[in-house]
Amino acid sequence: MNNLIQVVNNQATTTSLAIAEGVQRPHASVIKIIRQHNDDFEAFGRVRFEIQPFETAGGTQQREVAILNEHQATTLITFMRNIGVVKEFKKRLVKAFFEMRDELTQQRQAPSVENLSRLEILQLAVQSEEERLQLEQEKHQLEHQIKEEAPRVAFAKQVEIAPDAISVAQTAKILGTGQRRLFAFLRQIGWVSRRNEPYQAKIEAGCLDVKLSKWEHPDHGLQQSVTALVTGKGLTKLQRLWNQH
């Protein structure tokens with residue numbers, strides 16, 4: 001019973017002989033059950049039979065032994081009467097299969113260094129270094145991309161918090177310049193007139209807006225002033241034009 005579970009073709013298996021010993025039944029009767037219900041067992045894969053030698057008082061004999069995977073072994077147990085010895089063996093069998101599955105999983109995930117050749121170890125080292133260099137390159141690319149995107153991200157945040165239309169002074173502050181310089185630029189690109197009043201075309205395009213206010217002149221009476229305002233759309237466009245300038 002020390003060899004209850006073996007690994008065959010990277011799969012945990014047991015034998016009809018091990019089960020017969022475990023449930024304390026003649027091996028011939030266990031093989032008979034497998035033969036009688038062969039279709040049920042082969043629903044979980046082909047049952048493989050081997051001819052194995054064994055020693056008797058009369059000398060070396062041979063017998064047929066079935067190699068069973070976990071599902072086939074469990075199916076075999078269900079065809080036996082659920083007496084105490086069968087119940088106890090079934091628990092040991094299930095535990096043994098579970099432990100072997102866990103061991104096989106660990107072996108697949110972490111191959112033992114002792115079992116690797118020098119060439120395999122070197123190949124693993126080269127692969128590890130290539131992966132490290134690839135990650136380092138991706139890190140540098142990401143840092144460079146973040147650096148390039150930073151001004152646009154900062155400006156986008158300023159636009160997000162800006163009201164629908166802001167003054168030229170506020171716009172100049174966002175663009176990092178002065179109000180007088182920005183007005184000169186707006187005149188240069190044809191957004192406002194010499195009196196710093198927005199052109200109708202830019203208002204209709206949604207880039208500029210106006211604030212109308214009235215004031216009392218001591219000699220000329222009631223007067224009206226026009227103040228240029230920059231919209232969110234205009235602010236985005238101005239940022240691009242200002243950077244080009």
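Only one of the listed residues (Gln106, Gln158) is surrounded by 13 or more Cβ atoms within 10 Å (Cβ to Cβ), at pLDDT below 85 and either not basic (Lys, Arg) or not in a loop (DSSP other than H, G, I, E, B) (or both). That residue is Gln158. Val23 falls short of the stated requirement of being surrounded by 11 or more Cβ atoms within 10 Å (Cβ to Cβ), under 13 Å from Gln72 (Cα atoms) and in the same structural domain as Thr75 (by TED's automatic domain parsing). Of the helices (runs of 4 or more DSSP H) lying entirely inside the range 1-77, the ones with 2 or more residues being of a type in the set (A, V, I, L, M, F, W, C) are found at 16-23, 27-36.
So which residues in the range 6-19 are within 15 Å of Gln52 (Cα to Cα) and out of contact with any strand residue (DSSP E or B) (no Cβ under 7 Å at 6 or more places or on another chain)? Talk me through it step by step, then tell me what you get.
Taking the range 6-19 and keeping what is within 15 Å of Gln52 (Cα to Cα), we get 14-18.
Ala18 - this is the single residue of the range 6-19 that is within 15 Å of Gln52 (Cα to Cα) and out of contact with any strand residue (DSSP E or B) (no Cβ under 7 Å at 6 or more places or on another chain).
Taken together, the residues in the range 202-245 that are modelled with pLDDT of 85 or more, assigned to a helix (DSSP H, G or I) and closer than 21 Å to Ala184 by Cβ amount to 12.
Within this structure, Thr74 passes the test of being polar (S, T, N, Q) and surrounded by 13 or more Cβ atoms within 10 Å (Cβ to Cβ).
Going by the conditions given, is Phe79 farther than 20 Å from Gln6 by Cβ, in contact with a helix residue (DSSP H, G or I) (Cβ under 6 Å, 6 or more places away or on another chain), surrounded by 12 or more Cβ atoms within 10 Å (Cβ to Cβ) and not polar (S, T, N, Q)?
Details: farther than 20 Å from Gln6 by Cβ: yes; in contact with a helix residue (DSSP H, G or I) (Cβ under 6 Å, 6 or more places away or on another chain): yes; surrounded by 12 or more Cβ atoms within 10 Å (Cβ to Cβ): yes; not polar (S, T, N, Q): yes.
Judged against the criteria, Phe79 is a match.
Which one of Leu104, Leu76 is in contact with a Leu (Cβ under 9 Å, 6 or more places away or on another chain) and assigned by TED's automatic domain parsing to the domain that holds Ala18? Give the steps one after another, and end with the answer.
Numbers: Leu104 fails: in contact with a Leu (Cβ under 9 Å, 6 or more places away or on another chain).
The conditions single out Leu76.
Filtered by the rule that a residue be touching a residue at least 12 places away in the same chain (Cβ under 8 Å) and over 44 Å from the mean Cα position of the chain (by Cα), the range 26-42 gives His27, Val30, Ile31, Ile33, Ile34, His37.
Based on this model, can you work out whether Val23 counts as of a type in the set (A, V, I, L, M), farther than 17 Å from Gln6 by Cβ and within 48 Å of the chain's Cα centre (by Cα)? Before you say what the answer is, go through the steps one by one.
On the way: of a type in the set (A, V, I, L, M): yes; farther than 17 Å from Gln6 by Cβ: yes; within 48 Å of the chain's Cα centre (by Cα): yes.
Yes; evaluated as a whole, the condition is true for this residue.
The values are calculated or read from the model by the stated rules, or taken from the named source; none is laboratory data. From a predicted model like this one, the values you see are computed outputs, not experimental measurements. Using ideal geometry, Cβ is built from the backbone for each residue, glycine included, and neighbour counts are taken over all protein chains shown.
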